[in-house]
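Each value in this text was obtained by applying a stated rule to the coordinates, not by laboratory testing. The structure displayed is predicted, hence computed values, not measured ones. We place every Cβ from the backbone using ideal geometry, glycine too, and count neighbours over all the protein chains shown.
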Amino acid sequence: MTKTTTKTKGNRYEKARFHIPFYSKAFFDPDDDKSEDGEGVKAKKESSVKIPIKIREDGDEQRGNMTAIEMKAITHFDDNVENVLESFVQLYDRIVKPKGIEDKDEEFKVVIQLLHIVCRGPADQTLQEALKVARTNVFDKYISEYEQDELMIEILKEDEKIFYECISKEWQPDELGDFASSEELNAFLHLEYKRNFWNYLHTVIFGADSYRSIKQQKDYMCHKIVKPFGISVEAAFRRIEIVASLMQYFPPPSNRGSTATREQWEKHEKNKKIKRVDKREWK
């Protein structure tokens, strides 16, 4: 959700629209016993999770080759942008990328498995809902004409394993449509499932401004921030780097009232990393 506030630390003007604030007490004053929302250190500890990972990815799962990464649990997705994106960064940078998974479909499955571990309470319910919405959208748009059994339709929308089997099956020639092979159609369906999932989750995380969130954040970083009094330049620059890294997980720019299209996703994947020249301008 975009926030409109009166002038606070780190903001140049009285009103500023942003999704991640430049000034963060948790970053600039981490030794304070209280976080910005009043929760203490104990509460933070209680909302953390440990994820077991292999030390050597090509090794076995024996005790000597296992360690654990501790990270904050995601308790809710709405109005919690920075914490949620911090979790995404940790999941990808510390767990997923070191695995070196080349198959993007398999990588997405791993991400979902990890999110099931990290999400608690309302967040887990939202995760389940996002997966079901994605399955339903893909089924209704691309598979419904080939499946008429009402019971199987309900199973496909509810059961993730059965759904994956469906979008990975061998398709008959008359079912391929514009696709040259089953492999090509399967790859397309997997990608559509992934995009539908993120489209739904983004609307929960970023609210009504999801379609223009990246533009708003860039404008905020470029024109609306100022180094807080008493904060070193080094710390301010480091905060800019952190916000820029989180912005890679913002949704693609899209049209008002609609989720990102395939073309918008493809363009976003090429341009989502914040350029050095942009960060230099912000600094």
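Starting with the fewest neighbours, write out THR259, THR75, THR67 ranked by other beta-carbon atoms found within 10 Å of each beta-carbon.
THR67, THR75, THR259
Compute the angle between helix 233-247 and the longest alpha-carbon principal axis of the chain, please, reported from 0 to 90 degrees and rounded to the nearest 10.
On a 0 to 90 degree scale, this one is about 20.
Taking the structure as given and computing Kirkwood radius over Cα pairs in Å, which label from (i) 21.1; (ii) 19.9; (iii) 23.3 fits?
Recomputing Kirkwood radius over Cα pairs in Å here gives the entry labelled (i).
For ILE53, list long-range residues whose amide hydrogen, built 1.01 Å from N in the peptide plane, is under 5 Å from its own amide hydrogen.
The list, which skips near neighbours in sequence, is THR67, ALA68, ILE69.
Taking the Cα atoms only, what angle lies between the long axis of helix 182-206 and the longest principal axis of the chain, rounded to 10 degrees?
Taking the Cα atoms of the chain, the angle to 182-206 is about 30 degrees.
What list do you get for TYR13, TYR193 if you sort them by fewest beta carbons within 10 Å?
So the ranking, lowest neighbour count to highest, is TYR13, TYR193.
When only alpha-carbon atoms count, how far does region 207-283 stretch along each of its three principal axes, as whole angstroms with the largest first?
44, 24, 16
Sorting PHE108, PHE18, PHE237 on the 10 Å Cβ count, fewest up front, what's the list? All intermediate terms of the calculation are to be shown ahead of the outcome.
Values: PHE108 18, PHE18 22, PHE237 14.
In increasing order of surrounding Cβ atoms, one gets PHE237, PHE108, PHE18.
Can you compute the helix-only [θ] at 222 nm over the chain? Use -39500 (n - 2.57) per DSSP H run of at least 4 residues, normalise by all residues, nearest 500 deg cm²/dmol.
Per the formula, -14500 deg cm²/dmol.
For ILE74, which sequence-distant residues (separation of 5 or more, or a different chain) have an amide H within less than 5 Å of its own amide H, given hydrogens modelled in the peptide plane?
Amide H neighbours of ILE74, under 5 Å, 5+ apart: CYS119, ARG120.
For a Förster distance of 22 Å, can you work out the FRET efficiency between the beta-carbons of LYS7 and GLU234, rounded to the nearest 0.05?
Using R0 = 22 Å, I get an efficiency of 0.35.
Which whole-number percentage describes the relative contact order of the chain, with Cα contacts under 8 Å and a sequence gap of 6 or more?
22 percent
Charges only on Cβ, +1 for Lys and Arg, -1 for Asp and Glu: so what's the dipole of region 3-282 about the Cα centre, in debye to the nearest 20?
Around 2220 debye, computed over region 3-282.
Please determine, in degrees from 0 to 90 and to the nearest 10, the orientation of helix 81-90 with respect to the longest principal axis defined by the Cα atoms of the chain, where the helix direction is its Cα long axis.
Here the helix axis deviates by roughly 70 degrees.
To the nearest 0.05, what FRET efficiency results for TYR92 and ALA180 with a Förster distance of 35 Å applied to their C-beta separation? Each step should come with its number before you reach the end.
Values: r = 32 Å, r/R0 = 0.91.
The computed FRET efficiency comes out at 0.65.
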